[in-house]
Amino acid sequence: MKPDSTSGARILSRKNRVSILLILVLFLTGIQAPKSLAEKKLLITPAMLSAIPQDQRIVVDTRPAWKFLLGHIPGAVNLDDWWEFTHKSEGVKGLLKDDKTFITEKFAPLGFSPEKPIIIYGEPDDPWRTDGRFFWMFEYYGFQNVSLLDGGFASWKQAGKKIERGLQNPTPQAKSALNSINLNPDVAAYKTMINNVFSSNNFRIIDNRTRKEFDGATPYGSPKGGHIPNAIHIHWPEFFQADGTLKTQSALNSLLRQNEIRPNQEIIVYCTGGVRSGMAYFVFRYLGYKVRNYDGSWWDWSRSPFPVEIGQKRSKTNQKTLTGDKKLPLRSGVEHSG
């Protein structure tokens with residue numbers, strides 16, 4: 001039977017009401033549980049973090065345990081020892097553990113899952129910025145929604161947000177299933193790869209240590225001093241403002257242009273053991289670069305047979321060592337101090 005125009009209008013009206021209701025539900029759900037905010041943002045503010053319900057995110061405090069006791073973001077878990085997630089191989093310390101059983105046993109009881117937002121914070125005055133190291137570590141472990149709190153705990157306090165004190169009392173989480181952990185080796189670099197690309201214009205090697213270390217000092221026990229050939233020196237604090245918040249994208253891009261770094265180049269960052277460069281890794285990720293953190297960094301390179309440069313570069317186009325050679329072979333027994 002052919003429906004009359006009145007029944008058709010009623011059907012259309014019902015469809016419109018259902019559509020409007022669905023849109024309204026989605027809109028309200030988005031307001032009440034802005035989880036997508038954390039999923040889409042690598043860098044978040046205190047206001048953005050406080051808008052995410054506690055049971056829908058994991059907050060990681062990377063500061064020392066005593067600072068955590070004095071005050072921390074409500075529901076945070078304290079991971080203050082990056083060494084816990086490393087191993088030693090062939091004399092090289094600080095290499096990231098990639099044992100899936102270890103990862104599962106460590107994080108599943110805390111409710112971690114590959115999809116759940118993880119927000120990491122530290123302290124702006126941390127000379128190693130271990131929050132950046134943990135950001136890189138979680139991305140290597142295959143966690144998909146990892147963010148940093150801009151300005152760390154200092155910005156949270158400055159914003160007047162609630163603070164908990166005392167022992168760790170994380171937000172109750174159901175034990176998660178981490179059976180599907182997929183390591184992401186594309187975010188890590190290794191010495192053989194670097195040796196093959198450090199002369200390529202398609203890559204930029206960024207040294208994030210102090211200038212003294214770049215020029216040859218070895219304050220952390222490396223057997224030899226210097227830097228990877230053609231590396232560009234950018235000490236990691238140059239990415240930040242005085243209050244510990246990240247510089248604007250415009251200022252960061254200007255810094256990179258001054259160092260002849262182009263968006264179409266693949267970036268490899270390193271420091272002594274891949275900790276300080278973990279923060280540089282975050283910055284380049286934030287700016288949209290394809291970037292890798294050198295696992296092992298100078299602790300690894302300085303024990304390898306690959307070449308080094310020593311001393312300051314005179315210019316970007318005339319990259320020579322103090323001895324006048326572009327590349328210097330590693331020599332046993334060479335030790336710099338300072």
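With a simple spin-label model that places each label point 7 Å from the Cα along the Cα-to-Cβ direction, the separation between Lys93 and Thr248 comes to 4.3 nm. When His227, His87, His233 are sorted by how many other C-beta atoms sit within 10 angstrom of their C-beta, beginning with the fewest, the order is His87, His233, His227. With +1 on each Lys and Arg Cβ and -1 on each Asp and Glu Cβ, and nothing else charged, work out how big the dipole of the stretch 37-181 is about its Cα centre, in Debye to the nearest 20. Its charge dipole is roughly 260 debye. The slack between Lys67 and Leu167, meaning 0.36 nm per residue of separation minus the straight C-alpha distance, is 34.9 nm. Here each label is just a point 7 Å from Cα along the line to Cβ, and for Ser199 and Trp83 those points are 4.0 nm apart. Close Lys pairs in the stretch 109-247 (alpha-carbon distance under 29 Å; sequence gap of 8 or more, or different chains): 14.
The residue among Thr192, Val275, Gly221 whose Cα reaches farthest toward the positive pole of the charge dipole of the stretch 181-282, with charges on the beta-carbon of Lys, Arg, Asp and Glu, is Gly221.
For the peptides 265-271, 119-125, 250-256, residues were scored by their other Cβ atoms within 10 Å and the scores averaged per peptide; the highest-first order is 265-271, 119-125, 250-256. Modelled spin-label separation between Gln144 and Gln158, with each label point placed 7 Å from Cα along the Cα-to-Cβ direction: 3.4 nm.
Dipole magnitude for the stretch 237-302: computed about the Cα centre from +1 point charges on Lys and Arg Cβ and -1 point charges on Asp and Glu Cβ, it is near 200 debye.
Any read-out appearing in this document is the output of simple, stated calculations on the displayed coordinates, not a laboratory observation. For clarity, every value in this text was computed on a predicted model and none was experimentally measured. We place every Cβ from the backbone using ideal geometry, glycine too, and count neighbours over all the protein chains shown.
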